Amino acid sequence: MHGDTILLMTFVFALVAAFAGGVVARALRLPPIVGYLVGGLVVSPFTPGFIGDSDAMNQLSEVGVMFMMFSTGLHFSLKDLFEVKGIAVPGAILQIAVGTVAGYALAQAFGWTPEAGIMLGLSVSIASTVVLIKNLTDAGLYQSHGGRVATGWLIVEDLATVVILVVLPVVFGPGETSGAELAAGLAEALLKTVAFVLLMLVVGSRVLPWVLGKIARFCPSELFQLAVVVIALGTAMAASLLFDLSVALGAFLAGVVVSGSKLSHRVAAEAIPFKDLFSIIFFASVGMMVNPVTLASHVGELIALVALIMVGKWLINMVLGVVLSAGLHGTLTVAAGLAQIGEFSFIIGQTGMGLGILTPEQYTLILGGAVVSIALNSFAFKLIDPIEGWMRKHARLAALYERHVRQFEEPSSDVRDHVVVVGYGHAGRCVTEVLKNLDIPCLVVERELETAEEAEADGLCVLVGDAANSEILAHAHLDAARVLVIAGGGDAAAEAIAYEARLFAPGLHIVTRAEDEDGLKALAAAGANEVVRPELEGGIELMRHTLIDLGYTPRQIQDYANELRASGYEALGDNAQGARRRAFERLVASLSEVELEWVLVGEASTAAGSTLADLDLRAKTGVNAVALRRGGEVTLFLDARTELHKGDKVGLVGTLEQVEAAAKLFA
């Protein structure tokens, strides 16, 4: 019975083990891929317990390869590549060449055959797109200049992998071939590749989007989902059966063609579940081929291989950063991101196994190197900032990477009463635009060079550097600033900036934002005076609009908003009063075209000691007294019996003329 259902059992147990491994990896702050690989190892023939059918899982893993390459094609962007082509294209080509040579040299030291050495070199030279994007996102660097360069670099490596997979079977195919036969074989393979590429780009680019459009319009959603699967897998199989090409190339080109369709985003959304599921199967099947005994018996070779992948490739990319003048932070980001190998290295290794070039022990060593490098790669990103800080202290060393990087003038030493804005993203631009209109001096601190150039072009004084991890704040003259606005980076970066800023200027007013309640507490502890929670404020605004449409009164709406803010900003303590007061001002300003003005009850004011009923402001001026600020407390929605004291500030609502008339009564 078990023999008849071995594929089903292997499939189910592998998924269960991969799920458990992914959960454990997540708990240990490791990439889930590591858990999937370990999950496959648990059901492999090399560990006790259930023994899965690795051959059957390998066939299923081919579906994972197809979906991964289809997804890569969907996200392939010539525009993104062109933006960084000056660094990414030559950098990727040089790194593949140097990495292959280094891997070949290491294989020769191991005593491998030259052919196996080439396979090891190619496997070492290709990094994992999945791991790179995941770690860039986790580190908050995906949209940075270095992140874009690293992504473009990987796009070039992906294209190179496609070419490698086409060429390998020709060069290392069965049988001995002469030079002429080899050249003829390569020419035939390249001609078939060109023919298939042209067929896809000329015919497929018209037919496939048209088919998808018709199905999306006239068929139920499940048929559209099925059409996505058929296009991804069917094109891959057509490339293999009709043109003798790899299924990876066929799936990749299918993704490229479909990416030009108006439905590309929907296609990507439909493909994600299949890609995720079968990529997990792919990684689990790879884990099933890892023999722990083999790795234990070759632990010295494993350590040497991991050192080449993580340290050797890091050094190679750092040298290339000098050659290409890629900028210090960008070079460090690329070097950290590419210090690993992953799914494409597995595919190249499997190709080597299929061609009889690599032995199972050699392939297991490549798998072991990949697992370890993937597990440790996230820690490489944590070293970017310390290394950058150390290198910037050695000006000549940093200058090697930034020979062609534009230098910005430092702000004048006599700058005073300015606002320092960290981050020139959307939020930072909103702040600086208003400050410019109010003629308030503003200094922008921005990490990304291109964004800093945009800020300077907008007429702003700019400091280039990472405010969270460098000495850049020492040049911002915080002790003479009026306010520090932290508008960029995540909670961790904002916390570090707030803490350092408080050391430079203990009395500085710090305004920032937080992603969640934990971030709010951390920022408050770091010294931030006011913290805005965008998601909370957005939810309150949605609630406000909803209740307005349902006919609730402004006072009822404000009561609900106060309750939400009281809990959402509880960690700020007394500063939460300021947040609620400004939220109230926004509410009043949004209800109608009125002005909210805080008017002081002065020492000599005749209003002191009078109640609102006595003053009869509405009858005399047309304004409404809606709020009272006394000391650190703000009282909203006053009644007529409220008595005013000297030093109170009364919130008046009305037109500009009405507010000005009422202010004279308090003067």
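Evaluate the following for residue 462: is it β-branched (Val, Ile, Thr), farther than 30 Å from residue 321 by Cα, at pLDDT 80 or above and not assigned by TED's automatic domain parsing to the domain that holds residue 328? Step through it out loud before you land on a result.
Values: β-branched (Val, Ile, Thr): yes; farther than 30 Å from residue 321 by Cα: no; at pLDDT 80 or above: yes; not assigned by TED's automatic domain parsing to the domain that holds residue 328: yes.
Against the criterion (β-branched (Val, Ile, Thr), farther than 30 Å from residue 321 by Cα, at pLDDT 80 or above and not assigned by TED's automatic domain parsing to the domain that holds residue 328), residue 462 does not qualify.
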Next on the checklist: I'm trying to understand the selection: among the residues of region 551-569, which are more than 38 Å from the chain's Cα centre (by Cα) and in contact (Cβ under 8 Å) with a residue 12 or more places away in the chain?
Outcome noted: 554, 555
Item to check | Single residue of region 211-259 satisfying the filter (farther than 26 Å from residue 173 by Cα and charged (D, E, K, R)) that is nearest to the chain's Cα centre (by Cα) | outcome: 222
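Does region 283-293 include one or more residues that are more than 24 Å from the chain's Cα centre (by Cα) and surrounded by fewer than 20 Cβ atoms within 10 Å (Cβ to Cβ)? Outline the logic, then answer.
Within region 283-293, the subset more than 24 Å from the chain's Cα centre (by Cα) is 284-293.
Right, trim to surrounded by fewer than 20 Cβ atoms within 10 Å (Cβ to Cβ) and you get 292-293.
Checked against the condition, which is being more than 24 Å from the chain's Cα centre (by Cα) and surrounded by fewer than 20 Cβ atoms within 10 Å (Cβ to Cβ), region 283-293 yields at least one hit.
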Checklist entry - When residue 49 is evaluated against the numbered criteria (1) at pLDDT 85 or above; (2) at positive phi; (3) not aliphatic (A, V, I, L, M), which criterion, by number, is the only one it fails? => result (1)
Checklist outcome for this item: Looking across region 236-256 at residues that are without any contact (Cβ under 8 Å) to a residue 60 or more places away in the chain and among the hydrophobic types (A, V, I, L, M, F, W, C), the single one that is farthest from residue 223 (Cα to Cα) is 243
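One line per residue, one yes/no per condition, for (1) assigned by TED's automatic domain parsing to the domain that holds residue 83; (2) free of Cβ contacts under 8 Å to residues at least 40 places away in the same chain; (3) closer than 22 Å to residue 94 by Cβ:
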{"residue": "123", "(1), (2), (3)": "yes, no, yes"}
{"residue": "127", "(1), (2), (3)": "yes, no, yes"}
{"residue": "131", "(1), (2), (3)": "yes, no, yes"}
{"residue": "135", "(1), (2), (3)": "yes, no, no"}
{"residue": "138", "(1), (2), (3)": "yes, no, no"}
{"residue": "142", "(1), (2), (3)": "yes, yes, no"}
{"residue": "147", "(1), (2), (3)": "yes, no, yes"}
{"residue": "155", "(1), (2), (3)": "yes, no, yes"}
{"residue": "160", "(1), (2), (3)": "yes, no, yes"}
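One line per residue, one yes/no per condition, for (1) at pLDDT 80 or above; (2) part of a helix (DSSP H, G or I); (3) in contact with a helix residue (DSSP H, G or I) (Cβ under 8 Å, 6 or more places away or on another chain):
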{"position": "18", "(1), (2), (3)": "yes, yes, yes"}
{"position": "33", "(1), (2), (3)": "no, yes, yes"}
{"position": "44", "(1), (2), (3)": "yes, no, yes"}
{"position": "59", "(1), (2), (3)": "no, yes, no"}
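For region 216-251, enumerate the residues that are of a type in the set (Gly, Ala, Ser) and within 30 Å of residue 164 (Cα to Cα). Can you show your working first?
Going through region 216-251, the residues of a type in the set (Gly, Ala, Ser) turn out to be 216, 221, 227, 232, 234, 236, 238-240, 246, 248, 250-251.
227, 232, 234, 236, 238, 239, 240, 246, 248, 250, 251 - these are the residues of region 216-251 that are of a type in the set (Gly, Ala, Ser) and within 30 Å of residue 164 (Cα to Cα).
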Next on the checklist: Tell me whether region 339-362 contains one or more residues that are within 29 Å of the chain's Cα centre (by Cα), farther than 18 Å from residue 283 by Cα and of a type outside the set (Asp, Glu).
Outcome noted: yes
Item to check | Meets criteria (out of contact with any strand residue (DSSP E or B) (no Cβ under 9 Å at 6 or more places or on another chain) and at pLDDT 85 or above) for residue 404 | outcome: no
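Looking only at region 90-143, count every residue that is touching a Ser or Thr at 6+ places or on another chain (Cβ under 6 Å) and in a helix (DSSP H, G or I) and tell me the total. Steps first, answer last, please.
First pass over region 90-143, keeping only residues touching a Ser or Thr at 6+ places or on another chain (Cβ under 6 Å): 96, 99-100, 121-123, 125-126, 135, 141.
Next, from what is left, pick out any that are in a helix (DSSP H, G or I): 96, 99-100, 121-123, 125, 135.
Result for region 90-143: 8.
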Checklist entry - residue 456 is checked against (1) touching a strand residue (DSSP E or B) at 6+ places or on another chain (Cβ under 6 Å); (2) of a type in the set (Asp, Glu); (3) farther than 27 Å from residue 140 by Cα and fails just one. What number does that condition carry? => result (3)
Checklist entry - Which condition does residue 385 not pass, out of (1) modelled with pLDDT under 85; (2) closer than 25 Å to residue 54 by Cα, if it passes all the others? => result (2)
Next on the checklist: Tell me whether region 355-363 contains one or more residues that are assigned to a helix (DSSP H, G or I) and touching a Leu at 6+ places or on another chain (Cβ under 9 Å).
Outcome noted: yes
Checklist entry - Among the residues of region 254-262, is any at pLDDT 85 or above and over 29 Å from residue 33 (Cα atoms)? => result no
Next on the checklist: Here are the criteria: (1) touching a residue at least 60 places away in the same chain (Cβ under 8 Å); (2) closer than 11 Å to residue 597 by Cβ; (3) within 50 Å of the chain's Cα centre (by Cα). Tell me which single one residue 627 does not satisfy.
Outcome noted: (1)
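Condition test on residue 455, is it modelled with pLDDT of 80 or more and either of a type in the set (Lys, Arg) or under 13 Å from residue 423 (Cβ atoms) (or both)? Before the answer, list the steps.
Working: modelled with pLDDT of 80 or more: yes; either of a type in the set (Lys, Arg) or under 13 Å from residue 423 (Cβ atoms) (or both): yes.
Considered against the rule, which asks whether it is modelled with pLDDT of 80 or more and either of a type in the set (Lys, Arg) or under 13 Å from residue 423 (Cβ atoms) (or both), residue 455 comes out as yes.
If a residue counts only when it is within 19 Å of residue 31 (Cα to Cα), which helices (runs of 4 or more DSSP H) contained entirely in region 283-354 have at least 1 such residues?
Details: elements: 292-297, 299-307, 313-324, 328-337, 343-354.
Helices (runs of 4 or more DSSP H) meeting the threshold: 299-307, 328-337, 343-354.
The values are calculated or read from the model by the stated rules, or taken from the named source; none is laboratory data. All values derive from a computational prediction rather than experimental measurement. A quick note on method: Cβ atoms are made from the backbone with ideal geometry, for glycine too, and the neighbour counts reach across all protein chains shown.
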